[in-house]
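Visitor: Shown below is the structure under consideration.
The values are calculated or read from the model by the stated rules, or taken from the named source; none is laboratory data. Remember, it's a predicted structure, so these values are computed and weren't measured experimentally. In this analysis, Cβ positions are derived from the backbone assuming ideal geometry, glycine residues included, and neighbour counts consider all displayed protein chains.
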Amino acid sequence: MPTAMLTKEEQRGAPHGWIRNAGGTPPFLGPRGGVIPGSIAEIGYRRLGGVEQWVLLRGESVDNPPLILLHGGPGLSETDLFRFYSGPLEKDFTLVYWDQRGAGKSFDPAIPLSSMTVEQFVSDLGELVDAVCARVDARKVVIFGHSWGSAIGLLYASRFPEKVAAYVGSGQIGDAAAGESLSYAYALAEAQRLGRRRLLTKLRALGPPPYGGREVFIERTTLARLEGAMRPRALWKVIRPVLASKESSLLESRAAMQGFRFTLDAMWAEASHLNLIELVPALHMPAFFFLGRNDHWVPAETSVEYIDALTAPSKRLVWFEASGHEPFVDEPAKFNALMEELVRPAVVTEGSACDVKIAGRDSPTRDSRVAGSIANSPASKAR
């Protein structure tokens, strides 16, 4: 079976000489220091849609439901945040951290601009789901989509319900264009209320959406300042996970920002006009929505409008009263508890969770260091 890591030579052989560093991830160790049987801790690159993309799988048992984490942006990897704040979920799920095409460790300046489309991202996700299910002997996955990730997550789940056990959305996009207009209107009103003349002038000069990638970046950074997200305490919530990361380092931040701007410029015109009320009116699996009461990036009222219109076997909305756009960062204990106590039981009750383990099938013990991986690299066998 494939091993988890690319060699340095393979990384340096990436297209156009772009150097990739898959990094390393620690195994799950038992009380005596040995690797926990059946655990998984794999890191590497997987070719999705013809492009090498970075994937990390972590979980204490491959028998647990796979949970694919879809970051926002587009182009803004949240892997360090997920690892730091949502890491406790590795006890009850097999977490799949993925830097999407053009984002984080998956950025490569040679990626064709023509491939940066919503449809390609949904296709990449489909290939990832199939690879994950094959790796952990599963039929379905749980999808968590945050912000932009909630758009591709919903699109995929609606098209392939047989592969999705449950859907969880946060910063849930509905009518994206309406959300952008409300975000700008809130920022303008807030700048006036706070008497922030310089920011008010900047917003007025920018004008209301629609925007390109550059303009939305200006609007969002201005909104962040108005909300206090640039203050030391708020910044520490983002910087601390980067400093604590075992899979990446601050040295990669410049390339990650390049990837963010590249993806945002390439995709914002399309992404900001998605109307999921029309595109995904129904789901065929349990749906959960965790919304920050103070989210003005994807205004909560547009999320609620979508949720109200959605048809699903069951749907549950939970408010995070002390959260903005990232409830899993602002209220991680509550977020993790809901994933464990609300989402996982629903998945198991559905009898699916990739059918958590295919009934009646025994599988060999899997060592997280050497068992088969979803990365594309030479095969090795467990000793």
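Visitor: Looking at (1) surrounded by fewer than 20 Cβ atoms within 10 Å (Cβ to Cβ); (2) under 24 Å from I143 (Cα atoms), which is the only condition W236 fails?
Guide: The single condition W236 does not satisfy is (2).
Visitor: Also, quick follow-up: Being assigned to a loop (DSSP other than H, G, I, E, B), closer than 29 Å to N336 by Cβ and among the β-branched types (V, I, T) is true for just one of I239, I173, I152. Which residue is that?
Guide: That would be I173, the only listed residue that is assigned to a loop (DSSP other than H, G, I, E, B), closer than 29 Å to N336 by Cβ and among the β-branched types (V, I, T).
Visitor: Just to be sure I understand, how many residues within the range 1-49 are exposed (fewer than 15 other Cβ atoms within 10 Å of the Cβ), of a type outside the set (G, A, S), part of a loop (DSSP other than H, G, I, E, B) and at pLDDT below 80?
Guide: 3
Visitor: Could you tell me whether the range 69-78 includes any residue that is crowded, with 24+ Cβ neighbours inside 10 Å and part of a strand (DSSP E or B)?
Guide: For the range 69-78, residues crowded, with 24+ Cβ neighbours inside 10 Å and part of a strand (DSSP E or B): present.
Visitor: Collect the residues in the range 100-117 that are among the charged types (D, E, K, R) and surrounded by fewer than 24 Cβ atoms within 10 Å (Cβ to Cβ), keeping them in residue-number order.
Guide: D108, the sole residue that qualifies.
Visitor: Give just the number: which of (1) assigned to a loop (DSSP other than H, G, I, E, B); (2) at negative phi does G228 not satisfy?
Guide: With (1) assigned to a loop (DSSP other than H, G, I, E, B); (2) at negative phi applied to G228, the lone miss is (2).
Conditions (1) over 30 Å from C133 (Cα atoms); (2) buried (at least 20 other Cβ atoms within 10 Å of the Cβ), marked per residue:
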{"position": "L154", "(1), (2)": "no, yes"}
{"position": "E162", "(1), (2)": "no, no"}
{"position": "A165", "(1), (2)": "no, yes"}
{"position": "G174", "(1), (2)": "no, yes"}
{"position": "A177", "(1), (2)": "yes, no"}
{"position": "A185", "(1), (2)": "yes, no"}
{"position": "A191", "(1), (2)": "yes, yes"}
{"position": "G195", "(1), (2)": "yes, no"}
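Visitor: Continuing with this model, one more query. List every residue pair whose Cβ atoms lie under 8 Å apart, where the two residues are 6 or more positions apart in sequence or sit on different chains, the first residue falls within the range 206-231 and is over 10 Å from Y184 (Cα atoms), and the second residue, located anywhere, is part of a loop (DSSP other than H, G, I, E, B) and among the charged types (D, E, K, R).
Guide: Listed by first residue and then by second, the contacts come to R225/R196; L226/R196.
Visitor: If we keep just the residues of the range 110-129 that are part of a helix (DSSP H, G or I) and free of Cβ contacts under 8 Å to residues at least 12 places away in the same chain, which is farthest from D265 (Cα to Cα)?
Guide: E119
Visitor: I want to confirm something. Restricting to the range 239-258 and keeping residues that are within 15 Å of K105 (Cβ to Cβ) and of a type in the set (A, V, I, L, M), which single residue is surrounded by the most Cβ atoms within 10 Å (Cβ to Cβ)?
Guide: If we take residues in the range 239-258 being within 15 Å of K105 (Cβ to Cβ) and of a type in the set (A, V, I, L, M), then A256 is surrounded by the most Cβ atoms within 10 Å (Cβ to Cβ).
Visitor: Related question: So P66 clears everything in (1) buried (at least 24 other Cβ atoms within 10 Å of the Cβ); (2) more than 14 Å from the chain's Cα centre (by Cα) except one condition, right? Which one?
Guide: P66 satisfies every listed condition except (2).
Visitor: For the structure I just gave you, tell me whether E215 is buried (at least 22 other Cβ atoms within 10 Å of the Cβ) and more than 20 Å from the chain's Cα centre (by Cα).
Guide: No, not satisfied.
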